[in-house]
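Chemist: Shown below is the structure under consideration.
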Amino acid sequence: MRISNLGYPRIGERRELKWLMESFWEGKLEEKEFLSQAQQLEEQHWRRQQQLGVELLPVGDFSLYDHVLDLTLALGLIPQRFAELEDSGSLTLYFALARGARGIRACALKKWFDTNYHYLVPEWEREPRLVANPYLEAWRRARKMPGVAGKPVLLGPFTFVKLSRGYKDWHRALESLLPIYAELLEQLATAGVEWVQVDEPALILDLELRELEAITRAYTYLAERNTPRLMLQTYFGSLTYYQEILRLPVAGVGLDLVHDDRHNIANLEHYGFPSDKVLGAGVVSGRNIWRTDLRAALEFLQYLTGFVTCDRLWLQPSCSLLHLPVTVAGEEGLPLELREALSFADERLQELRLLRAALTEGEEAVGDEFRTADRSLKALATMPGRVVPDVRRRVSALGEEDFIRDLTFEERRQLQAEKLKLPLLPTTTIGSFPQTPSVRSARARFRRGELSKLEYRDFIRREIARWIKLQEEIGLDVLVHGEFERSDMVEYFAAKLPGFALTANGWVQSYGSRCVKPPILYGDVWHRENLTVAETTYAQSLTTRPVKGILTGPVTIIKWSFVREDMEEEQIAYQIALALRDEIAALEREGIPIIQVDEPAFREALPLKQRERPQYLLWAAQAFRLATAGVKPETQIHTHMCYADLEAILPALEGMDPDVISIEAARGGAELLEQLQRYHFRRGIGLGVFDVHSPFTPMEADMEEFLRRVLTIFPVEQLWVNPDCGLKTRKEEEALEALRRMVNVARRLRGEFGK
Ligand code: GLN
Ligand code: ZN
């Protein structure tokens, strides 16, 4: 029985890789120095995993930016627009693909399955060929370390094609990759590599039969070549075609036995496991942070060893540990019961070692550790705040009427129009204004205690006042306070809501050098204090125009946090929704006429498998309604989502019953319009007229052309005019200029369509 790892957090315990990248980009670090320090970090990570007992050590999973990009470049798939950079040295080209270069658009970033990690989407404009083998290079470096058996980690051809765009025929694309993979794998075999982990997470998606056939052909092809032994690694759920995949001619199959709704486990029980393969048993979570229930895992493994012999069993995490922070050590600020119940990447690897010891030497050999784990989980279950009876009672007493607004959308529209008296094509923004260096430094100084609470509050107030004035000058119709007090749209709420804890150093890579520090939701959530009332009402006190209150919705809060596992997400969502409902009531009482509940994660929280989607959409929409349905008919409820791919959630959008929705459209354009039209969407709608992430100030002509197109589809009374997301990442001057132009366009069209 061996201990294997699938991947390790590359960003580093102190976000070393982030700082290295950024110094290099700023020209403070020479390329050679950057590469050598990054390699040192990678090697430290190897040593650390080895000390923690990993025997099959992942190599090649480390990346200077993104592992999908590494493979894209190894396969020579350089989009045409980067051709001029091809001879400019490898890192210039590499980071140009990742981040764009002067006048050249970067590759698209996309969510890696249902995680918060983003990969760079490969674009097929050329025929792939093998131009480098970074896996061999990493393996060779690892081999220099005494006693290390590196296991190269390589994204499999099927998943690679599935995540790519730009080919005409995916089938042909896959076929064209096979000889290249064969060559790459042969190089590894010749060098003496024993095992390669071929990641194929796409095997857990709903696959069509012809996809399964193509996968079978692909792995049969590779089996006839000279390759190391292949561990076909799947994760993020259960296999759709269990029996078929297990029949593939590979030496091992890795299964996620934690996050799979028990389908993998049920299939294991029902169909068993082939005696000629190694089972990579993902028995500890690579996605969530709670300690493993070691006794339950041990019992499961004991059962498993009944039909998989120990020499064919690898103990491993359910997926790469990329999605976890490095270690709990150093989180002294957390309540003791909570801290003891956590397990980040390093602690996960320790759990694997304990499980193996218990399996091979008997539980007594590690009895102390098992008892500690047991005690910690019990302490967590009973820790203060875990169960708040009032919260439980309130949720269970909910009735249908709590989810329904008093009047229908059509009836409300009239009342809201009378109250708000907005012009045609009302202009607004999504909520945040630039988080300038001075805003960030004020927050940092406040955190370090250099600014008093009062000084910080006054600073925020000055920013709000300044921006209310700016918005009035620009001529926006519905104003916002600017979100200057928020470090992050989830963390800010988590810091104020009971049931959440914030880590000191729990960073996880989101993309490139960007990291997130997800809050931990461990207890029942309720509205103990106002969350946004002070800033919002202050803003409203400065203007006669309506100010829109901005909150983050339940699904987004859950999706961007690490959440408890002793409760259904649906129940957690209702608790958060009730807390927001109380906040919204408070805002309404204070005279805030419009409230926006942001749900940017609504789409990405959609389960990967079709069969689980209807249920999710139902409760997710219900949670939104629970948060918002308590308001008077004349209070206008907005929601915001920032992606164009709405198809899958359109029905839920109706179910949320908002008055107005703002969505990104700058990138998704025509298709989205068609979808909305087909769906007879009747509510207020603001399609982002410019892309807030673009460094170029939008042109009036472009915005106007876009709006005219939209106006051929929707009646003018239905439309709002706004950017496609918050402006917090823009420079102040850029934001102001973009908004001025946007208002000009709205006014022009208003004159024309309003006769
Ligand atoms: N209100 C938020 C903002 O403007 C919304 C951010 C988002 O949708 N991701 O920043
Ligand atoms: Zn957005």
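Chemist: Would you compute, from DSSP H runs of 4+ residues alone, the mean residue ellipticity of the chain at 222 nm, taking -39500 (n - 2.57) per run and dividing by the full residue count, rounded to the nearest 500?
Modeler: -13500 deg cm²/dmol
Chemist: Continuing with the same structure: Hey, how many Å between the Cα centroid of the range 154-222 and the Cα centroid of the range 295-374?
Modeler: 32
Chemist: Tell me, Leu97, Leu407 in order of fewest to most beta-carbon neighbours within 10 Å?
Modeler: Leu407, Leu97
Chemist: How far apart, in nm, are the 7 Å Cα→Cβ label points at Lys632 and His680?
Modeler: Modelled inter-label distance: 3.2 nm.
Chemist: Sort Cys515, Cys319, Cys107 so the one with the fewest other Cβ atoms within 10 Å of its own Cβ comes first. All intermediate terms of the calculation are to be shown ahead of the outcome.
Modeler: Numbers: Cys515 17, Cys319 27, Cys107 24.
Lowest count first: Cys515, Cys107, Cys319.
Chemist: Continuing with the same structure: At 20 °C and 1.002 mPa s, grab the translational diffusion coefficient of the range 90-215 from Stokes-Einstein with a Kirkwood Rh over Cα pairs, rounded to a whole number in µm² per second. Could the numbers behind the result be given before it?
Modeler: Working: Rh = 16.5 Å.
My calculation gives 130 µm²/s for D.
Chemist: Here is a further query. Can you give the FRET efficiency to the nearest 0.05 for Val395 and Leu711, using r as the Cβ-Cβ distance and R₀ = 51 Å?
Modeler: Efficiency, rounded to the nearest 0.05: 0.70.
Chemist: Work out how much length Ser441 to Asp566 would gain on full extension: take 0.36 nm times their residue separation and subtract the Cα-Cα distance, in nm to one decimal.
Modeler: 41.1 nm
Chemist: How big is the Kirkwood radius of the range 539-680, worked out from every pair of different alpha carbons and given in Å to one decimal?
Modeler: Evaluated over the range 539-680, this radius sits at 15.8 Å.
Chemist: Around Asp206, with a cut-off of 11 angstrom between Cβ atoms, what is the net charge of the other residues, counting Lys and Arg +1 and Asp and Glu -1? Don't skip to the end; give the middle numbers.
Modeler: Details: positive: Lys609, Arg611, Arg613; negative: Glu208, Glu211, Glu612.
Net local charge, Asp206 excluded: 0.
Chemist: In whole angstrom, note down how far apart the Cα centers of the range 392-413 and the range 716-744 are.
Modeler: 33
Chemist: So which lysines pass the test for Lys110, namely a Cα distance under 26 Å, with those fewer than 8 places away in the same chain ruled out?
Modeler: Cα-Cα hits under 26 Å: Lys18, Lys162, Lys168, Lys517, Lys559, Lys609, Lys728, Lys731.
Chemist: State the extension gain, in nm to one decimal, for the chain segment bounded by Glu473 and Asn226, taking 0.36 nm per residue of separation less the distance between their alpha-carbons.
Modeler: Taking 0.36 nm per residue and subtracting the Cα distance, the gain is 81.9 nm.
Chemist: Let me ask you something else. Report the label-to-label distance for Glu752 and Gln350 in nanometres (one decimal), using points 7 Å from each Cα along the Cα→Cβ vector.
Modeler: Between Glu752 and Gln350, the simple spin-label model gives 6.6 nm.
Chemist: DSSP loop trypsin sites (Lys or Arg not before Pro) in the range 325-427 with at most 16 other Cβ atoms within 10 Å of their Cβ, which ones?
Modeler: Here the sparse-neighbourhood loop sites are Lys421.
Chemist: Follow-up question, since we're still on this one. Please report Rg (one decimal) and Dmax (integer) in Å for the Cα set of the range 436-535.
Modeler: For the range 436-535, the Cα-based Rg and Dmax read 15.7, 45 Å.
Chemist: Also, I was wondering about something else. Using a basic spin-label model with each label point 7 Å from the Cα along Cα→Cβ, how many nm lie between Thr544 and Gln51?
Modeler: Result: 6.8 nm between the two label points.
Chemist: For His118, His481, His638, His171, what ranking results if the residue with the fewest other Cβ atoms within 10 Å of its Cβ goes first? If you can, show how the numbers build up before the last one.
Modeler: On the way: His118 18, His481 30, His638 27, His171 15.
Fewest to most other Cβ atoms nearby, the residues stand as His171, His118, His638, His481.
Chemist: Here is a further query. Calculate the FRET efficiency for Thr372 and Asp261 from the Cβ-Cβ distance with a Förster distance of 30 Å, rounded to the nearest 0.05.
Modeler: 0.55
Chemist: To continue, here is another question. Quick one: net charge around Pro607, please, counting Lys, Arg +1 and Asp, Glu -1 for every other residue with C-beta under 9 Å from its C-beta.
Modeler: +1
Chemist: Per q in 0.10, 0.19, 0.20 1/Å, what log10 I(q)/I(0) does a Debye calculation on the alpha-carbon atoms of the range 305-416 return?
Modeler: -0.57, -1.10, -1.16
Chemist: Compute the separation of the alpha-carbon centres of the range 231-281 and the range 428-464 and state it in Å as a whole number.
Modeler: Their Cα centres are 51 Å away from one another.
Chemist: If a paramagnetic tag sat 7 Å from the Cα of Glu127 along the Cα-Cβ line, which residues of the range 200-239 would have the backbone N under 15 Å from that point?
Modeler: Under cut-off, by backbone N: nothing.
Chemist: Give the aspartates and glutamates whose C-alpha is closer than 20 Å to that of Lys32, dropping any in the same chain fewer than 8 places away, or say none.
Modeler: Straight-line reach from Lys32, under 20 Å: Glu16, Glu22, Glu42, Glu43, Asp66, Asp70, Glu86, Asp87, Glu137.
Chemist: Follow-up question, since we're still on this one. Report the full-extension gain for the segment Glu30 to His693: residue separation times 0.36 nm, less the Cα-Cα distance, to one decimal in nm.
Modeler: 235.8 nm
Chemist: Tally Lys and Arg at +1 and Asp and Glu at -1 over the other residues with C-beta under 11 Å from the C-beta of Ala83: what net charge comes out?
Modeler: -2
Chemist: On the first, second and third principal axes, largest extent first, how far apart are the outermost C-alpha atoms of the chain in Å?
Modeler: The Cα atoms of the chain stretch 76, 62, 53 Å along their principal axes.
Chemist: Further, regarding this structure: If the range 612-755 were replaced by its equivalent ellipsoid, with semi-axes equal to the square roots of 5 times the Cα gyration tensor eigenvalues, what would those be, largest first, whole Å?
Modeler: Numbers: eigenvalues 143, 60, 49 Å².
Ellipsoid semi-axes (Å, largest first): 27, 17, 16.
Chemist: Still on this structure, please answer the following. Out of the range 16-107, which GluC sites (Glu not before Pro) are coil in DSSP terms and have no more than 14 other C-beta atoms within 10 Å?
Modeler: Values: sites: Glu16, Glu22, Glu26, Glu30, Glu31, Glu33, Glu42, Glu43, Glu55, Glu84, Glu86; in loops: Glu26, Glu30, Glu55, Glu86.
Of the GluC sites (Glu not before Pro), the ones in loops of the range 16-107 whose Cβ has at most 14 other Cβ atoms within 10 Å are Glu26, Glu30, Glu86.
Since every read-out is calculated from the coordinates, none of them should be taken as a lab result. Here the structure is a predicted model, which means the values were calculated and not measured. We place every Cβ from the backbone using ideal geometry, glycine too, and count neighbours over all the protein chains shown.
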